[in-house]
Amino acid sequence: MDLQLKKKLEISNISKAYEDNPRVLKSISFDVYDGEFLSLLGPSGCGKSTLLRILIGLLESDQGTILKDGKDITKAHPSARGMGIVFQNYALFENMTVLQNVEYAQKFHGVSKKDAREKAAEMISAVGLREHGDKYPRSLSGGQQQRVAIARTLALNPDIVLLDEPMSALDVSTRLTMRDELKNLQDRFGTTMIYVTHDQEEAFSMSDRIMVLDSGNISQLDTPENLVMHPANEYVESFVLENLRKKAASLARFTGVCGK
Ligand SMILES: Nc1ncnc2c1ncn2[C@@H]1O[C@H](COP(=O)(O)OP(=O)(O)OP(=O)(O)O)[C@@H](O)[C@H]1O
Ligand SMILES: [Mg+2]
């Protein structure tokens, strides 16, 4: 994508400390471009979920500002930010059908019942679950449940979608399929996506840019190509590139066999 596009988010000097965890985020500043797929990549505990929760307004930062389309949303209510979030564990309502799950949140946004139903049907179709609208979550596979969670988020027309390790509970082949599906949905709806993962390969295969986080600091924020060609420091070299190379090397042993 052309990264000269307009800035969707401008994040300045965001810091966060928890009572027993001082300085989980250490004065972080970065921009997110309109329509971009940005991954936050870092090991467990480096502050990825904390940053997402601050962006969507579920958690207050100790300092710093967030501008969206040039407007200060630092203190705005989550529902006023035009953002949606998809969690790792789907968080579906077990006592509601797929259709009802996707309709439900819309009711709190002043959408009429008829429009909510139409939108829900459209989104369920967009994620490939048209035949499953009347089923309950327990009768769906993990991948299908995650698709419902994505449909539910998209039904509210967010222009930014935050995804917190949405694939980590899925098997490898479902993850690969879902990657493509997610990118297709992004193209179709023009959504800006911020995607949290600790999987280097996932970040490299999906992202326009990757933010490498190291204990609450941005180690490097760059395109996948630039990260490979110009790693900013030893941490990017070891945590990101070395792991990626190991994975590539282990796969390379089989490419001759698989290619046939
Ligand atoms: N509510 C909380 N109270 C105290 N400490 C917290 C709280 N939430 C998170 N932390 C701590 O803040 C740090 C960052 O947590 P965070 O959940 O943002 O990490 P993460 O990068 O999302 O990790 P993971 O990959 O395991 O999900 C961790 O040390 C965590 O223990
Ligand atoms: Mg997390």
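The values are calculated or read from the model by the stated rules, or taken from the named source; none is laboratory data. What you see is a predicted model; the values in this text were computed from it and never measured. Every residue, glycine as well, gets a Cβ built from its backbone with ideal geometry; the counts of neighbours run over all protein chains shown. Calculation scope for accessible area: heavy atoms of the full protein, side chains included, ligands and nucleic acids excluded. Shrake-Rupley method; radii C 1.70, N 1.55, O 1.52, S 1.80 Å.
Just a few scattered comments:
Each row is one residue, and each column tells you yes or no for (1) acidic (Asp, Glu); (2) within 28 Å of Val24 (Cα to Cα); (3) within 16 Å of ligand 2 (Cβ to nearest atom).
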| position | (1), (2), (3) |
| --- | --- |
| Arg188 | no, no, no |
| Ile194 | no, yes, yes |
| His198 | no, yes, yes |
| Leu213 | no, yes, yes |
| Ser219 | no, yes, no |
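- Of the numbered criteria (1) of a type outside the set (Ser, Thr, Tyr); (2) open to solvent by 60 Å² or more (accessible area, probe 1.4 Å); (3) farther than 21 Å from Ile194 by Cα; (4) modelled with pLDDT of 95 or more, the one Leu99 fails is (2).
- In the range 42-89, the residues that are over 13 Å from Ile14 (Cβ atoms), away from ligand 2 (no atom under 16 Å from the Cβ) and among the small types (Gly, Ala, Ser): Gly70, Ala76, Ser79, Ala80, Gly82, Gly84
- Ala76 being over 24 Å from Asp34 (Cα atoms) and open to solvent by less than 40 Å² (accessible area, probe 1.4 Å): no
- When Pro224, Pro231, Pro166 are checked against the criterion of being touching a strand residue (DSSP E or B) at 6+ places or on another chain (Cβ under 8 Å), within 19 Å of Gln144 (Cβ to Cβ) and crowded, with 17+ Cβ neighbours inside 10 Å, a single residue qualifies: Pro166.
- For the range 170-214, taking the residues that are among the β-branched types (Val, Ile, Thr) and farther than 22 Å from Arg53 by Cα, the one that is least open to solvent (accessible area, probe 1.4 Å) is identified as Thr174.
- Looking only at the range 234-260, and only at residues there that are charged (D, E, K, R) and loosely packed, with under 10 Cβ neighbours inside 10 Å, the one that is modelled with the highest pLDDT: Glu234
- Flag if Tyr104 is farther than 22 Å from Glu181 by Cβ and modelled with pLDDT under 95: yes
- One residue alone among Ser61, Ser29, Ser49, Ser15 is part of a strand (DSSP E or B), within 16 Å of ligand 1 (Cβ to nearest atom), open to solvent by less than 70 Å² (accessible area, probe 1.4 Å) and polar (S, T, N, Q), and that residue is Ser15.
- Among residues of the range 67-99, those that are in a strand (DSSP E or B) and either in contact (Cβ under 8 Å) with a residue 40 or more places away in the chain or touching a His at 6+ places or on another chain (Cβ under 9 Å) (or both), counted: 6
- In the range 113-133 there is no residue that is open to solvent by less than 10 Å² (accessible area, probe 1.4 Å), in contact with a strand residue (DSSP E or B) (Cβ under 6 Å, 6 or more places away or on another chain) and in a helix (DSSP H, G or I).
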